[in-house]
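Okay, so here's the structure we're looking at.
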Amino acid sequence: MSSILSLQDATLALDSNAGRIEILHGITLDVQSGETLALVGPSGSGKSSLLMLMGGLEQATSGTITALDHDLSAMDEDALARFRRAHMGVVFQNFHLIPTMTALENVATPLELAGRKDAQERAKAELAAVGLAHRAEHYPSQMSGGEQQRVALARACAPSPRLLLADEPTGNLDHSTGETIMDLLFDLHATRNTTLVLVTHSNALAARCERVVRLKDGRIDSALTPVEARA
C-alpha cells in the first residue's frame, strides 16, 4: 500500500484568553491507501484535533501535512474546501446536518456545490445505500439520532471520497444503533476501497481497524495493530 496521507512533525497551537495552548506536538504519521485506522486515547489527548489537521479543518502551526500528494499546509481556506469536497468525506459526532433541509437535500448539497449534474439521483442512491430511501423528504428533526448519522454518512460518501474521516461517529448513539453505524462504516470502506480514519472511545470499534494509534498529551504514544494493542 502507498501513503495517502502523511504528517511530518506537525504541531498545533491555539491562542486563548489564558495564553497559547499547545495541543499537538511533533506528530509524524503515514496513513496507507485503503487502510482502516483508529485514533484512540483519553479525553484531551488530541485525537479530534489530529483528525481536524488531517482534514484541513485546522491549519498546522508548523510541520507539513500531505494528502494525495497535495500539501494541505500551503492551501488557503477556499482551496482546502475545494480539496475536501473532491477527495474527503467527514462525519462528526453531532451529525452537522442542515436543519432546514430534507435528508435528500442534505446529501445532494455537496454534490451540487461540486457542479454534479446528477446530484439528486446520486443523493437518492446514497440514501438507499444506508437504508433511508423512505426518509428522503424528512427533515433532521423528524429523524432519530441513528437515522441522522446515516444521512451524515450518505452525505460524506456521496462524492466518492478517497478519504473518510469520522470523529466519534457512534458517540451520541445507543449501543445497538452504534453497532449499525459501525457496520455501515466498514461496509462502505470495503465496497468502495475508501481509506477510513476514525476517532473513537470504543474499544470494539477500534478493534475492527487494521491499525490503532494511541495519543497521550498531544503526542503519539503508540501505533499498533489491534492484536498488539490488546497484548
Item checked: Set of lysines with alpha-carbon distance to Lys47 below 26 Å, sequence-local pairs under 8 removed -> Lys216
Notebook entry, point to check: What's the local net charge at Asp187, with K and R +1, D and E -1, over the other residues with C-beta under 15 Å away?
Noted result: 0
Margin query: Given a 10 angstrom Cα cut-off, can you work out which residue in Ala154, Ala67, Ala190 is the most mobile in a GNM of the chain?
Written below: Ala190
Check: Taking N as the number of residues in the stretch 146-210, what value does Rg over Cα atoms divided by 2.2 N^0.38 Å take?
Finding: 1.02
Checklist line | nm² value of the averaged projected area, convex hull over the Cα atoms of the stretch 1-93 | finding: 6.7 nm²
Note to self: Can you give the log10 of the normalised intensity I(q)/I(0) at q = 0.12 Å⁻¹, computed with Debye over equal Cα scatterers of the chain?
What the structure shows: -0.65
Note to self: Within 10 Å of each candidate Cβ there may be at most 11 other Cβ atoms; applying that plus a DSSP loop requirement, which GluC sites (Glu not before Pro) in the stretch 101-145 survive?
What the structure shows: Glu137
Notebook entry, point to check: In a solvent-free Debye calculation with one equal scatterer on each Cα, what is log10 I(q)/I(0) for the stretch 48-166 at q = 0.21 Å⁻¹, listed in the order of the q values?
Noted result: -1.11
Margin query: As an exercise, take the mean of 1/r over every pair of distinct alpha carbons in the stretch 106-231, invert it, and state the Kirkwood radius in angstroms.
Written below: 15.8 Å
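Laboratory data are not the source of any read-out in this text; all were calculated from the coordinates shown. Values in this document were obtained by computation on a predicted structure and should not be read as measured data. Don't worry about glycine lacking a Cβ; one is built from the backbone with ideal geometry, like all the others, and counts go over all protein chains shown.
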